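Participant: The structure that follows is given in the form of structure tokens.
The values are calculated or read from the model by the stated rules, or taken from the named source; none is laboratory data. Remember, it's a predicted structure, so these values are computed and weren't measured experimentally. Every residue, glycine as well, gets a Cβ built from its backbone with ideal geometry; the counts of neighbours run over all protein chains shown. Each accessible area value is taken on the protein alone, full model and side chains, heavy atoms only, with ligands, DNA and RNA left out. Shrake-Rupley method; radii C 1.70, N 1.55, O 1.52, S 1.80 Å.
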Amino acid sequence: MKVGIIGSGGREHAICEILKKSAKINKIFCLPGNAGTKNIAENINIDLDNFENIKNFVLDNKIDLVVIGPEKPLVEGLVDYLEKFNIKVFGPNKIASQLEGSKIFTKKICEKFNIPTAKFGIFQDRVEAGEYLKKINFPTVIKADNLASGKGVYICNNEKEANIAIEEIFDGKFGKAENLLIEEFLEGEEMSYFIISDGTNIKNFETAQDHKRVLEGDKGKNTGGMGAYSPSRLITNELEEKIINKIIKPTLKGLNEIGAQYKGFLYAGLMIVKNEPFLIEYNVRMGDPECQTILPKLKTDLIEIFLACCDKKLNELNLEWSNKKSLCVVLCSKGYPDIFKKNVEIKNLKHLKLDANNYLFHAGTKIENEKIFAIGGRVLNFVSLSDNFNNSREDILKNLVELNWDGGFFRKDIGYKVIK
Ligand code: AMP
Ligand code: GLY
């Protein structure tokens with residue numbers, strides 16, 4: 001089989017790496033990929049906004065299955081476009097992807113089906129939003145409605161901070177904003193819950209907890225994710241049942257009612273308050289770096305899972321997982337999430353100790369004349385599986401010391417809630 005992976009991050013490198021294990025696959029293309037995927041796949045430098053070029057490449061190269069990693073092409077309808085040409089694609093269509101593309105779309109589904117979520121108001125103008133602030137308690141949460149790559153969310157401690165957030169969002173700091181949301185602040189512990197769906201059947205795809213803030217102790221600015229661990233310490237059978245019955249199933253039912261069957265990964269960002277799950281947000285893809293953290297635990301052939309989803313036969317598969325603990329630390333370029341240098345060489349990669357339990361996934365890297373350069377904010381993902389989170393983190397930190405890259409920084413405290 002020939003498979004095409006769309007994307008260029010650590011998530012896509014992990015998908016390539018795990019797919020590589022399958023005897024069914026004889027060729028992987030990565031569009032556009034990174035220096036890590038280049039060792040496994042053929043990287044194809046293609047503009048992901050140009051759907052026609054992608055379609056032509058897939059048809060010309062007789063690719064049997066396309067897997068879409070990031071949210072942008074999903075929200076923009078790449079699945080619908082490719083399916084018109086009878087191309088098999090793993091990922092949700094444009095309507096279903098509104099779960100991530102529009103927070104208001106998701107909130108309306110929550111309202112209609114009684115899905116537990118933070119109370120909210122939707123505003124189209126600054127004055128109304130400003131007046132609403134006078135009636136609420138602080139802290140409060142203010143969000144731009146559009147895709148903002150994990151940014152565009154403000155936790156405001158008082159009216160003054162909230163007014164600044166409203167101004168910045170409507171001034172277009174995260175792209176054109178027609179709406180914003182003001183939400184009740186939920187106090188609890190966050191957890192990411194993943195499922196995979198073929199439109200009718202769903203299977204659990206593990207849990208994780210990520211660290212979104214840039215500084216140790218979960219302080220500082222929000223990032224795409226500085227590290228993660230799986231499983232979450234919060235998950236129990238009882239909580240899982242609540243998540244499935246109160247959140248996931250009603251959402252998929254709501255989508256069905258508007259004619260959208262959900263095929264792909266679905267990532268529920270949850271706040272667990274006194275053992276009750278509340279939906280914070282949906283993402284219509286695997287998380288990054290949660291994907292890198294979770295996939296190495298998968299024992300079932302990943303290609304069989306993707307194919308079962310596309311063929312609506314997920315019920316015939318039993319997903320098997322290793323019960324090891326997995327932890328991921330992200331090495332970033334100094335300055336991220338603000339300004340950072342590009343094209344900084346990374347040496348010493350050959351010195352790393354990698355094996356069946358220790359993985360290195362590239363994110364913002366490129367290779368030129370056999371040398372590896374950092375070109376993004378998040379650069380490398382170190383993942384380690386072991387019997388406990390402490391050992392996993394120790395192994396990663398040893399590798400980071402070996403690498404000794406002075407262009408970067410990382411958080412040493414990933415997983416602190418599960419490591420004494
Ligand atoms: P989001 O992009 O919606 O996931 O929000 C980014 C982060 O803001 C989340 O991971 C939470 O830490 C925090 N957050 C978002 N909404 C709320 C809320 N209603 N209450 C408390 N924290 C929130
Ligand atoms: N790690 C958070 C995300 O992928 O959105």
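Participant: Leaving out ligands and nucleic acids, note down the accessible area per residue over region 84-125 with a 1.4 angstrom probe, in whole Å². Intermediate values should be presented prior to the final figure.
Facilitator: Numbers: 2020 Å² over 42 residues.
Per residue, region 84-125 has an accessible area of 48 Å².
Participant: Still on this model: Evaluate the distance, in nm, between pseudo-label points positioned 7 Å from the Cα of Thr300 and of Lys334 along their respective Cα→Cβ axes.
Facilitator: The modelled label-to-label distance comes out at 4.6 nm.
Participant: Next question, about the same structure. Restricting the count to DSSP beta bridges whose residues both fall in the chain, what percent are antiparallel, rounded to a multiple of 5?
Facilitator: Values: 67 of 83 bridges.
Rounded to the nearest five, the antiparallel share is 80 percent.
Participant: Relative contact order for region 48-128: what is it in percent, counting Cα pairs under 8 Å that are at least 6 residues apart?
Facilitator: Numbers: 67 pairs, mean separation 17.8, N = 81.
22 percent.
Participant: Another question, then. What ranking, highest mean first, results for peptides 348-355, 236-243, 60-67 when packing means the other Cβ atoms within 10 Å averaged over each residue?
Facilitator: Details: 348-355: 11.8, 236-243: 13.5, 60-67: 17.1.
The densest-packed peptide leads the list: 60-67, 236-243, 348-355.
Participant: May I pose another question? Under a crude label model (7 Å from the Cα following the beta-carbon direction), how far is Tyr416 from Lys21 in nanometres?
Facilitator: It is 3.2 nm.
Participant: Right, another one. Give the relative contact order (percent, whole number) for the chain; include only Cα pairs under 8 Å separated by 6+ residues.
Facilitator: Reported relative contact order: 17 percent.
Participant: Beyond 15 Å, how much of the Cα-Cα pair distribution for region 182-223 remains, as a whole percent?
Facilitator: Details: 556 of 861 pairs.
Result: 65 percent of Cα pairs exceed 15 Å.
Participant: For the chain, rounded, prolate or oblate, judged on the Cα gyration tensor with a ≥ b ≥ c (square roots of eigenvalues), a/c < 1.5 rounded, else prolate if a/b > b/c? Walk me through the numbers on the way to the answer.
Facilitator: Details: a/c = 1.41, a/b = 1.20, b/c = 1.18.
The shape class here is rounded.
Participant: Take peptides 312-319, 108-115, 208-215 and line them up by average Cβ neighbours within 10 Å, highest first, as a rough protection proxy.
Facilitator: On the way: 312-319: 14.2, 108-115: 15.8, 208-215: 21.2.
Per-residue Cβ counts within 10 Å, averaged per peptide and sorted highest first, yield 208-215, 108-115, 312-319.
Participant: Label-point separation (nm) for Asn50 and Lys312, each offset 7 Å from Cα along Cα-to-Cβ?
Facilitator: For the pair Asn50/Lys312, the computed spacing is 3.6 nm.
Participant: Here is a further query. What does the C-alpha gyration tensor say about the overall shape of region 171-291? Classify as rounded when a/c is under 1.5, otherwise prolate if a/b is larger than b/c, or oblate. List each step's numbers first, then the result.
Facilitator: Working: a/c = 1.60, a/b = 1.18, b/c = 1.36.
Oblate is the answer for region 171-291, as a/c is 1.5 or above yet b/c matches or exceeds a/b.
Participant: Heavy-atom accessible area of Phe170 with all protein chains present, probe 1.4 Å, nearest 10 Å²?
Facilitator: 30 Å²
Participant: Right, next: So, for region 16-77, what is the accessible surface per residue at a probe of 1.4 Å, expressed in square angstrom?
Facilitator: Values: 2800 Å² over 62 residues.
Ligands and nucleic acids excluded, the result is 45 Å² per residue.
Participant: For a quick check of understanding: with a 1.4 angstrom probe and all protein chains in place, what accessible area in square angstrom does Glu161 have, to the nearest ten?
Facilitator: 70 Å²
Participant: Let me ask something additional. Rank-order 73-80, 200-207 by packing density, defined as the average count of other C-beta atoms within 10 Å over each peptide's residues, highest first.
Facilitator: Working: 73-80: 21.1, 200-207: 18.6.
Highest to lowest by the protection proxy: 73-80, 200-207.
Participant: Arrange the residues Tyr267, Tyr132 by how much accessible surface each exposes, largest first, with a 1.4 angstrom probe. Write out the running numbers ahead of the final one.
Facilitator: Numbers: Tyr267 10, Tyr132 60 Å².
Highest to lowest solvent-accessible surface, that is Tyr132, Tyr267.
Participant: Given a 1.4 Å probe and every protein chain left where it sits, what share in percent of the accessible area of the chain is carbon and sulfur? Before the final figure, lay out the partial values.
Facilitator: Values: 8750 of 18580 Å².
Result for the chain: 47 percent of the exposed heavy-atom area is carbon or sulfur.
Participant: Sticking with this structure for a sec: Arrange the residues Val153, Val58 by how much accessible surface each exposes, largest first, with a 1.4 angstrom probe.
Facilitator: Numbers: Val153 55, Val58 5 Å².
Sorted descending by solvent-accessible area, the residues read Val153, Val58.
Participant: Apply the a/c threshold of 1.5 to the C-alpha gyration tensor of region 52-143 and tell me whether it is rounded, prolate or oblate. Display every interim value, and only then the final one.
Facilitator: Details: a/c = 4.00, a/b = 2.92, b/c = 1.37.
It is prolate, given that a/c is not under 1.5 and a/b is the larger ratio.
Participant: Can you work out the accessible area per residue across region 348-405, with the rest of the protein chains kept in place, probe 1.4 Å, in square angstrom? Display every interim value, and only then the final one.
Facilitator: Details: 2850 Å² over 58 residues.
Per residue, region 348-405 has 49 Å² of solvent-accessible surface.
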